[in-house]
Amino acid sequence: MSFNIIIADDHQMFIDGLLSILHEDNELNVTTTFKNGAQVLKFLEINGPQQIHLLITDLTMPEVDGIKLNSIVKDKYPTLKTLVVSMHIDGGMIDQLIKNNVDGYVPKNAEKDELLQAIRTILKGGTYFSSEIKKAYTDAMFENRKHEEVHLTDREKEVLKLIAEEYTTQEIADSLFLSKHTIESYRKNLIAKLQVKNLAGLTKHAIKMGLLKG
């Protein structure tokens, strides 16, 4: 049996390498490749998912990233298998993907044999997460449990979300009709409350809380 695969990644060098690996297996047929998730969704809307067995996608892509792409694909086309192959190993991102029923996740530095094992496992109806991904996920869940008693007000969540979306202090103040001083106070309180060191830590926490979904 031949399996049809589509690939989404904005780095042509990686796509070329992946094509070289997959072409060694006569059962794996790459139907087409895309540079972002928007192109994938357009393709599926026009052609339907019936003839596609697996989507291999990166995470960071323009227009529609891998997290959002997986979420939309699993919602609209639940029978289509998805495998994330990415250089990013962030527990919060992994958690979002798992919650949206991703079928597998391996890092881009995985060995060829592991990548093929992941693909074959998923095509047979299983799931595959590399040991590195499992550890990152476990560590993230441990961190979540450490902070599970931390309660944020709705306003704090609003501010946190806007910080994570890279709004400036003035832009947040304008958006929420508050003073710049008030937003600065919220930011300092959030850093202390969530026990992080900087804005990057706040962003990671926003991802873990699911504030950046969609």
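The values are calculated or read from the model by the stated rules, or taken from the named source; none is laboratory data. What you see is a predicted model; the values in this text were computed from it and never measured. As a convention, Cβ positions derive from the backbone with ideal geometry for all residues, glycine included, and neighbour counts pool all protein chains shown. The accessibility values were calculated without ligands, DNA or RNA, using every heavy atom of the protein model including side chains. Shrake-Rupley method; radii C 1.70, N 1.55, O 1.52, S 1.80 Å.
Computed quantities for the displayed model
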item: Check on residue 69, open to solvent by less than 10 Å² (accessible area, probe 1.4 Å), modelled with pLDDT of 90 or more and under 22 Å from the mean Cα position of the chain (by Cα); result: yes
item: Flag if residue 106 is in contact with an Asp or Glu (Cβ under 7 Å, 6 or more places away or on another chain) and either assigned to a loop (DSSP other than H, G, I, E, B) or modelled with pLDDT of 90 or more (or both); result: yes
item: Check on residue 85, over 17 Å from residue 128 (Cβ atoms), in contact with a strand residue (DSSP E or B) (Cβ under 6 Å, 6 or more places away or on another chain) and either surrounded by 14 or more Cβ atoms within 10 Å (Cβ to Cβ) or among the basic types (Lys, Arg) (or both); result: no
item: Helices (runs of 4 or more DSSP H) fully within region 109-168 counting 2 or more residues that are at pLDDT 90 or above and farther than 18 Å from residue 188 by Cβ; result: 112-123
item: Matching residues in region 176-211 - criterion: being closer than 29 Å to residue 95 by Cα, polar (S, T, N, Q) and assigned to a helix (DSSP H, G or I); result: 189, 203
item: Conditions (1) modelled with pLDDT under 90; (2) over 17 Å from the mean Cα position of the chain (by Cα): number failed by residue 77; result: (1)
